[in-house]
Amino acid sequence: MINHGKNIKIFTGNSNPELAKEIASIVGVHIGEAEVGTFSDGEISANINETVRGADVFVVQSTNSPVNDNLMELLIMMDAFRRASAGRITAVIPYYGYARQDRKAKARDPITAKLVADLITTAGADRVLSMDLHATQLQGYFNIPVDHLLGAPILSKYFQSKNLCGDDVVVVSPDIGGVTRARKFADRLHSTIAIIDKRRPKANVSEVMNVIGDVKGKTAILIDDMIDTAGTITNGANALLDLGAKDVYACCTHGVLSNPAIERLEKSILKEVVILNTIALPEEKKIGKIKALSVAPVFAEAIKRIYEDLSISTIFE
């Protein structure tokens, strides 16, 4: 429970209301009274049913599928709070969509991650709170403070609780770009690392070319920031097993799990897929192999610290 010297309010759109309620419960407040729906033509409607004047408002909304609806809900809610004289508005975006479009990979490409950052700022956000952005430089796309939370401590604690750590375990990066993430994760588990060298002949298709590092006789843990179609993870798992890995686990912060991810994971040789609940997991995607861990305690602690003007970095020390 926190000191209510100032007024704090937590609201949610429709992307992940269960997570928002869990966060609010830990913080010690009720979810704000708001109705977010659509008009008959599909336009987003938002009704804020309580005063927010002068309040410290936190809007919890991931921008996962349906991405554009969830993004517009966030923007419209923040516009409503700004026009209702909220004291400060923090966009709490556990999963930040459009983050993969963060540079011009070829001529005439948009940099959509920057466009979305501009939209969020224009709509009225005074600061942003997110977890494991696809690329950390996205923080620089905003001209407002961005607090960047880490999912790795939650994931590593889970594997330590299963005694999956030490020399018998190898942490595997599914591509060259994730090496830093894998190295930090391996440090937490006191394990070695390996790297999968892959290529992408086209979008959402990956091919394993080579594995750098020793995986023979070890339990391998593949780590990525997100699992989308699960092609990278399942192909990587097969390659590791072919090279003599004993068992293969996978973990990520964001379980995007778009088609055909669930089918691929069910058929895969993976023993378990550990994800965080930054994106709500619908019933049809709840298969036995998937274990979802809650990020609510970390977000609740960060919200308390923002509210009380305390350091957030100390959460992970």
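Points worth noting:
- Within the range 274-293, residues that are in contact (Cβ under 8 Å) with a residue 60 or more places away in the chain reach partners that are in a strand (DSSP E or B) and open to solvent by 50 Å² or more (accessible area, probe 1.4 Å) with beta carbons closer than 9 Å, at six or more positions or on different chains, in the pairs Val274/Lys291; Val274/Ala292; Leu276/Ala292; Asn277/Ala292.
- For the range 41-50, the condition of being at pLDDT 95 or above, touching a Lys or Arg at 6+ places or on another chain (Cβ under 6 Å), surrounded by 14 or more Cβ atoms within 10 Å (Cβ to Cβ) and small (Gly, Ala, Ser) holds for none of the residues.
- For the range 42-55, the criterion of being in a loop (DSSP other than H, G, I, E, B) and on the phi > 0 side of the Ramachandran plot is satisfied by at least one residue.
- Selection status of Arg53, within 16 Å of Thr122 (Cβ to Cβ), at pLDDT 95 or above and exposed (fewer than 13 other Cβ atoms within 10 Å of the Cβ): no
- When every residue of the range 4-23 is checked against the conditions, at least one turns out to be within 28 Å of Gly255 (Cα to Cα), aromatic (Phe, Trp, Tyr) and either modelled with pLDDT of 95 or more or open to solvent by 90 Å² or more (accessible area, probe 1.4 Å) (or both).
- Failed criterion for Val60 (all others in (1) over 18 Å from the mean Cα position of the chain (by Cα); (2) over 26 Å from Asp187 (Cα atoms) hold): (1)
- Answer from Gly140, Gly151 - the residue that is out of contact with any His (no Cβ under 7 Å at 6 or more places or on another chain), without any contact (Cβ under 8 Å) to a residue 12 or more places away in the chain and within 30 Å of Ile89 (Cβ to Cβ): Gly140
- Breaking point among (1) open to solvent by less than 50 Å² (accessible area, probe 1.4 Å); (2) of a type in the set (S, T, N, Q); (3) in contact with a helix residue (DSSP H, G or I) (Cβ under 9 Å, 6 or more places away or on another chain), for Asn70: (3)
- Residue satisfying all of: in the range 141-178; modelled with pLDDT under 95 and assigned to a helix (DSSP H, G or I); farthest from Lys304 (Cα to Cα) among these: Ile176
- Inside the range 44-68, residues that are touching a residue at least 40 places away in the same chain (Cβ under 8 Å) and farther than 21 Å from Leu133 by Cβ make up a count of 6.
The values are calculated or read from the model by the stated rules, or taken from the named source; none is laboratory data. Everything numeric here is computed off the predicted structure, so don't read it as measured data. Virtual Cβ from ideal backbone geometry, glycine too; neighbours counted across all protein chains shown. Surface areas here come from the heavy atoms of the whole protein model, side chains and all, with no ligands, DNA or RNA. Shrake-Rupley method; radii C 1.70, N 1.55, O 1.52, S 1.80 Å.
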